[in-house]
Amino acid sequence: MSKNSHTLVLASALILAAPIALAMGSRPKVDEEAANSRIQPVAKVELAAAAPKAAAGSRTGEELYKGVCGACHETGAAGAPKAGDKAAWAPRIGLGLDGLTKSAIKGKNAMPPKGGSDATDEELARAIAFMANKSGANFSAK
């Protein structure tokens, strides 16, 4: 047998032996601990516990504004008047705090009822007073 033929026979035997070994249930042993140490994550994420919720009805206008209203009223999203924009708020301020609150409770244009919040009517009035006062009003909400 020539050297090339011998090499070809040996290579063929090896190619055939691998699937047979796997079919018989023989697998190479893996050191899982070593493998895991080589593929360590580059970072870990830990979620902090949620801040305790304020009691219903106890949030200030500023707290509700920062937690809910500001998402649209800071950016003007969906046509929301930006807090501090006196021109945009002037006609709204003319409705008075009660009128604005009634409108916000029901929802206005793209704004869902109560701005999509779980605010009480009193909390909502506080948030409206906070926003309107940044825009030239002088509302007082309890």
task = Output the pairs from Lys82/Lys108; Lys82/Lys102; Lys53/Lys82 with a Cα-Cα distance over 22 Å in this structure; if there are none, say none.
result = Lys53/Lys82
request  = Restrict the search to region 36-142; then list the GluC sites (Glu not before Pro) that DSSP places in a loop and that have at most 16 other Cβ atoms within 10 Å of their Cβ.
outcome  = Glu46, Glu74
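Values quoted throughout were computed directly from the atomic coordinates according to the rules given, and no laboratory measurement underlies them. Note that the structure is predicted; figures quoted are calculated from it, not measured. As a convention, Cβ positions derive from the backbone with ideal geometry for all residues, glycine included, and neighbour counts pool all protein chains shown.
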